[in-house]
Amino acid sequence: MKTRKVLLGIAAAGLALSLAACSGGRGGTGSDDNKQGDNKGALVGVAMPTKTSERWIKDGDAVKADLEKLGYKVDLEYGDDKIPQQVQQISNMITKGAKVLIIASIDGTALTDQLEDAAKAGIKVIAYDRLINGTKNVDYYTTFDNYQVGVDQATSLLTGLGVVDADGKKTGEKGPFNVELFAGSPDDNNATFFYNGAMDTLKPYFDDGTLVVKSGQTGFTQIATLRWDPATAKKRMENLIASTYSDGTTKVQGILSPYDGLSIGIISALTAAGYPTDALPVITGQDAEAASVKSIIAGQQYSTIYKDTRLLGKEAVKMADDLLNGKKPEVNDTKSYDNKVKVVPTYLFQPTVVTKDNYKEVLIDSGYYTEADLK
Ligand code: BGC
């Protein structure tokens, strides 16, 4: 009798433990589907910001496919760059019983209420590429080294202008060169990291007069581009040309652009204003989107930053799988990403600069693109 009681006690404790494990140990919903104590086939919600940029389509597809390979069910949603739409999608994922949420936010501060609900339901949250700010309810983060992206963008602007060489050493070229600066969306935490990395790199060259921003627009809010919208960047470039480069002789020679989509808008404003396509300013970018790599091959855009979304997707899936199996995900950065409430443990990848010189080995040899994709 006594033995039976003890055994029953152990079994009950075991069940309680396994329920705690599957609900992330934060109380849980107590739903029936996890009585096995494992999360086999669990639902994972994947929220992506927009389909207007190729990269997010690749990210979403890769994350979904890798989760499905591990037997999970996936609810993949795109927010069309509309905050209320993404908020609603995340609420729906919680209602549908997702056990983990992988979120690339539109506005990194707009999800606090939903993530509070998620935490109450024991759902773990992984911030994908963009940090989620102002909440304790974000468990892990995976991204590329966003400060380094900015450093790389600025360095390639300098290389393109001939101010530094391929090894990053000063060539002695003093310009002065007219440059204009663009930044990303102010509600995307990454945008300030890109900006800070770039500005820290360019500052000595502004200070010694090698680079000149003729418009005088250098502050983040002055040069930011809400929602990373190419049309907004195009309009701003048109305005800059009209206000600062319309005397018939003054030309802009370099443009810091933080994203390929913006670079396309900027190039179209420049060509419409009479800049010949074979004598455009040195223009940077990010994401190695096919259209921009083609533009690099054609000698129009100068550089982009390649971030292998396959690696990022795999990492997010690994984190989710670890969490669903009661394991602690591996991280390699525990200090850079403070979301104002906590420092979010992060797995960081390193970006790669791509120009006409190395696109073949970086993008084609790695299988990211085929030659045909870039024709
Ligand atoms: C991403 C970039 C991307 C930008 C616009 C950022 O959060 O890190 O890779 O270019 O959003 O989509």
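The values are calculated or read from the model by the stated rules, or taken from the named source; none is laboratory data. Computed from a predicted model, the values in this text were never measured in an experiment. A quick note on method: Cβ atoms are made from the backbone with ideal geometry, for glycine too, and the neighbour counts reach across all protein chains shown. Note: accessible area is taken over every heavy atom of the protein model, side chains too, but ligands, DNA and RNA are not part of it. Shrake-Rupley method; radii C 1.70, N 1.55, O 1.52, S 1.80 Å.
Is there a residue being within 16 Å of the ligand (Cβ to nearest atom) and among the hydrophobic types (A, V, I, L, M, F, W, C) anywhere in the stretch 159-179? So that I can check it myself, show each step before the final result.
Applying the first criterion (within 16 Å of the ligand (Cβ to nearest atom)) to the stretch 159-179 yields none.
Within the stretch 159-179, not a single residue is within 16 Å of the ligand (Cβ to nearest atom) and among the hydrophobic types (A, V, I, L, M, F, W, C).
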**OP:** Quick one: count up the residues across the stretch 62-74 that are surrounded by 17 or more Cβ atoms within 10 Å (Cβ to Cβ) and either charged (D, E, K, R) or closer than 11 Å to residue 313 by Cβ (or both).
**Re:** 5
Subject >> the stretch 215-235, residues that are part of a helix (DSSP H, G or I), of a type outside the set (Ser, Thr, Tyr) and either open to solvent by less than 50 Å² (accessible area, probe 1.4 Å) or without any contact (Cβ under 8 Å) to a residue 60 or more places away in the chain (or both) >> reply: 220, 222, 223, 226, 228, 230, 231, 233, 234, 235
**OP:** All but one of (1) away from the ligand (no atom under 16 Å from the Cβ); (2) in the same structural domain as residue 280 (by TED's automatic domain parsing) hold for residue 120, so report the exception by its number.
**Re:** (2)
